[in-house]
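These notes are about the structure you will find just below.
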Amino acid sequence: MKKNEIIKIYGTDYTAMTVRLLKAAGLADHIRQKAGPEKDPLIGIKPNLVSPVPAMYGATTHPEIVEGIILYLKENGYQKIMICEGSWVGDKTEDAFEYCGFCSLADRYGITLLDTQKDTSFSVKGGNLSLKICSCVRQIDFLINVPVLKGHCQTHVTCALKNMKGLIPNSEKRRFHALGLHDPIAALNSCIHQDFIVVDNICGDPDFEDGGNPLVQNNILAALDPVLTDAYACRVLDRPQEKVRYIGLSEAFGIGSADLTKLVLTSLDPSGSPSRFEAAFPSPAADSCAFLTHKAMELNYATEEIQSCSACYSALTDALNRLDQEGLLKILTERLHVRFCIGQGYKGLSSPELSRLSPEDLPVGIGNCTCAFTKNIPGCPPSGDAIYEYLKALI
């Protein structure tokens with residue numbers, strides 16, 4: 001498998017599909033090429049377990065895919081395997097490991113689970129930024145990234161490049177949001193090399209990263225280039241690549257190529273043999289989500305966001321979606337003129353400082369960063385339920 005290739009397999013037996021995909025991609029050859037034929041490397045598997053939400057809801061990596069990776073590695077003589085992940089700020093990784101099926105997976109195959117929220121860290125320079133990275137990155141000899149191809153409420157798309165955020169401490173995740181995500185994500189990927197990528201495109205939520213609106217695609221991808229992978233993800237989700245700025249920034253760092261005209265895209269049949277070469281620019285009817293509404297972008301028109309964390313923004317979107325389904329959101333925003341302020345940029349500010357309106361027209365602050373607001377929903381992050389109940393009570 002070459003760096004300008006993506007190999008895809010369709011089906012519903014996700015474990016068997018993964019094994020066939022890895023055989024076709026020659027993963028063992030790539031491991032030997034990097035680690036050497038005699039070395040027993042520590043292989044790190046990095047899933048996306050953003051929160052304790054089962055994979056069927058479109059937010060997290062299917063454990064069946066990781067099981068397929070483990071089976072393939074063991075069949076090829078690799079026994080030192082570690083699954084490493086850190087959930088987003090506001091959720092515990094240990095809960096995600098349990099609810100997403102990774103604890104039972106680790107027990108079944110004798111695999112180490114490393115919670116990067118509890119790991120130590122080291123400092124490194126990425127571009128013009130000083131970054132803190134979890135210490136496990138230094139221990140891993142070969143890193144397999146297993147992201148979910150899905151939408152994101154702030155960066156539009158999340159896939160291979162952004163999934164590396166699970167390998168930094170929680171304090172650094174907050175700082176990434178304060179820095180606007182795109183620049184630090186690119187800088188991070190200049191410091192962490194992904195050796196191999198297995199993309200979960202089974203039922204990722206095309207709207208945002210915490211799931212709830214899964215779109216069944218039933219395919220898994222193998223790739224070597226995270227920049228090319230994310231450029232292709234934009235095409236699949238019908239997002240303009242230029243809006244996902246960290247892709248172009250990562251390309252500028254020399255991490256990979258975003259040029260889809262040079263992509264070789266191959267589909268495998270159920271046996272794992274190449275069946276056809278696909279167009280790198282699939283039609284909407286075949287592989288794109290152009291027909292979907294972009295929920296997060298549509299619902300947050302009354303939101304004034306400055307450096308918000310994804311967990312907080314996602315909780316707000318969830319609450320707004322519920323209100324919208326009940327026909328209440330437009331009552332709040334159009335009839336009552338309610339607007340919402342969210343993000344670290346509001347720390348220390350009070351709502352009167354932001355507006356000369358009467359007290360009843362002051363904005364609602366979401367989360368602890370807006371604790372000085374007259375109207376505030378506390379929490380870091382507040383739950384979707386808490387936001388929903390507070391806003392509904394305003395009507």
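Every number in this text was worked out from the coordinates using simple rules, so none of it is lab data. Nothing here was measured: the structure is a model prediction, and the numbers come from that model. Here the Cβ positions follow ideal geometry from the backbone for every residue, glycine too, while neighbour counts run over all protein chains shown.
Summarising the amide proton neighbourhood of Asn376: residues at separation of 5 or more, or on other chains, whose placed amide H is nearer than 5 Å comprise Gly365. If you run the Gaussian network model on the chain, springs between alpha carbon atoms under 10 Å, then out of Lys150, Lys118, Lys173 the most flexible one is Lys118. Could you pull out every one of the aspartates and glutamates with an alpha carbon less than 18 Å from that of Lys80, ignoring same-chain neighbours closer than 8 positions? Straight-line reach from Lys80, under 18 Å: Asp29, Glu38, Asp40, Glu67, Asp107, Asp115, Asp141, Asp195.
In the chain, the inverse of the mean reciprocal separation of distinct Cα atoms equals 21.6 Å; this is its Kirkwood hydrodynamic radius. Here the average projected area of the convex hull drawn through the C-alpha atoms of the stretch 117-216 stands at 6.4 nm². When each of the peptides 381-394, 236-249 is scored by how many other beta carbons lie within 10 Å of its residues on average, the order from highest to lowest is 236-249, 381-394. Neighbour counts of other Cβ atoms within 10 Å put Val66, Val53 in the fewest-to-most order Val53, Val66. Going from the fewest other Cβ atoms within 10 Å to the most, the residues Glu172, Glu38 appear in the order Glu38, Glu172.
Hydropathy first: keep DSSP H helices in the chain averaging at least -0.5 on Kyte-Doolittle, then drop any whose Cα extent along the axis falls short of 24 Å, and list what survives.
Numbers: long enough: none.
Long hydrophobic helices here: none detected.
Under the rule a/c < 1.5 gives rounded, and otherwise a/b versus b/c splits prolate from oblate, where does the stretch 44-173 land using the Cα gyration tensor? Because a/c hits 1.5 or more and a/b fails to exceed b/c, the stretch 44-173 counts as oblate. Taking the chain as a Gaussian network of alpha-carbon nodes connected by springs under 10 Å, the highest mean-square fluctuation of the residues Ser135, Ser250, Ser51 belongs to Ser135.
Phi-derived couplings, Karplus 6.51 cos²θ - 1.76 cosθ + 1.60 at θ = phi - 60°, listed residue by residue for the stretch 254-266: x, 6, x, 10, 9, 7, 6, 5, 9, 6, 9, 10, 10 Hz, with x used for Gly and Pro. List the pairs from Lys92/Lys243; Lys34/Lys118; Lys165/Lys392; Lys150/Lys392; Lys3/Lys46; Lys118/Lys173 whose alpha-carbon separation is above 23 Å, in the order I gave them. Going by Cα-Cα distance, Lys92/Lys243; Lys34/Lys118; Lys165/Lys392; Lys150/Lys392 fall outside the 23 Å limit.
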